[in-house]
Protein chains: 2
Amino acid sequence: MKAKGPTSLTAPDRAESLGALLRRPYTRLQAHVYGVLAASGFPEIRPAHSVVFRHILPEGSRLVELADLAGMTKQSMASLVDYLAIHGYVSVEPDPHDGRAKRVKLTTQGERFVAAALAASKAAEDTLAVALGRSAIQDLRRLLASVDLALAE
Amino acid sequence: MKAKGPTSLTAPDRAESLGALLRRPYTRLQAHVYGVLAASGFPEIRPAHSVVFRHILPEGSRLVELADLAGMTKQSMASLVDYLAIHGYVSVEPDPHDGRAKRVKLTTQGERFVAAALAASKAAEDTLAVALGRSAIQDLRRLLASVDLALAE
């Protein structure tokens, strides 16, 4: 992604679904941000791990809660969490309220990653605002919020 | 999601990242479409399986290719594919060009699902166009394509 002046807006392929049009820039944005993060000290983290960092609570979250929030099976979430624990981003301990359940918590390294991810995401959006123009980004934000609201009804 | 006349556009929370604003309506759209599909004869399929249906080729795809395209580990993709094979949506056979590799192919039921998913997605977008107005959806499509293009550079 390079910063440059406002570009002419291209005509999207009408045959493409709105779902694909929403997904593609999100996937690209994520790939860009995780590329920046890999180059700045977090090479182990892939976009697939974002569901853990997005949903985990400051006091820690139960594995089954993380799985539910991510719409994943408990096994799939356990696999992501194990990987992050091995690489020092989360700790996994028995839940204090339920010894059979597991509680997942960010380590200091995990907190560092979250802060870096927020900063990289903000920087990408700023570069995008330069490329497309601030008013286009504002229009996009407004339209996305409206779509989200309409779908929530 | 209910169809209704054009709504007033709400002010999005400025503190929210563009990534989150792109992801949320996509996730909601996906949840809506998969809800419709579950009610119309495909209750086993969850949004997590969409990465298989999205990337699989008519002649079949190798497991490792599907994993690469989805940005997942081979094990995670194998778990999704096994589930879909058990429920009759894909078949898994040795690759004719490489006996050690596996080739994944849609079954007739898998093809029926893909056709139903495309139709449900189109119906959701039509309902959304009624709720927000056609010109808002056109603006959104144009802006999303521009963001995608800017990020691809």
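What to note about this one:
- C-alpha center-to-center spacing [region A:73-90, region B:68-146] in angstrom: 26 Å
- Taking 18 Å as the limit for the C-alpha separation, the pairs A:LYS105/B:LYS74; A:LYS74/A:LYS102; B:LYS74/B:LYS105 exceed it in the case of A:LYS105/B:LYS74.
- For the pair A:SER17 and B:ARG100, a Förster radius of 30 Å applied to the C-beta separation gives a FRET efficiency near 0.25, rounded to the nearest 0.05.
- Working from label points 7 Å from Cα in the Cα-to-Cβ sense, the A:ASP68 to B:ARG134 distance is 4.3 nm.
- Measuring r between the beta carbons of A:LYS122 and B:ASP126 and using R0 = 41 Å, the FRET efficiency lands at 0.70.
- Using a 7 Å Cα-to-Cβ projection, A:ARG112 label spacings across copies, nm, ascending: 5.4
- Sorting A:LYS122, B:LYS102 by the number of Cβ atoms found within 10 Å of their own Cβ, with the fewest placed first, yields A:LYS122, B:LYS102.
- Region B:42-153, relative contact order [Cα under 8 Å, separation at least 6], %: 21 percent
- Relative exposure of B:TYR26, A:TYR83, judged by other C-beta atoms within 10 Å (fewest first): A:TYR83, B:TYR26
- Structural size metrics of the protein assembly as shown, computed from C-alpha coordinates, are Rg and Dmax of 20.3, 58 Å.
- Residues of type aspartates and glutamates that B:LYS122 reaches as a straight line, Cα spacing below 12 Å, ignoring anything fewer than 8 places off in the same chain: A:GLU16
- What the phi angles of region B:55-69 give under the Karplus curve with 6.51, -1.76 and 1.60, with θ = phi - 60°, is a coupling list of 9, 5, 8, x, 7, x, 10, 6, 3, 5, 5, 4, 4, 4, 5 Hz, glycine and proline written as x.
- Rg and Dmax of chain A, both derived from C-alpha coordinates alone, stand at 18.4, 58 Å.
Only the coordinates and a few stated rules stand behind these numbers; no lab work does. Computed from a prediction, not measured in an experiment: that's the story for all the values here. Using ideal geometry, Cβ is built from the backbone for each residue, glycine included, and neighbour counts are taken over all protein chains shown.
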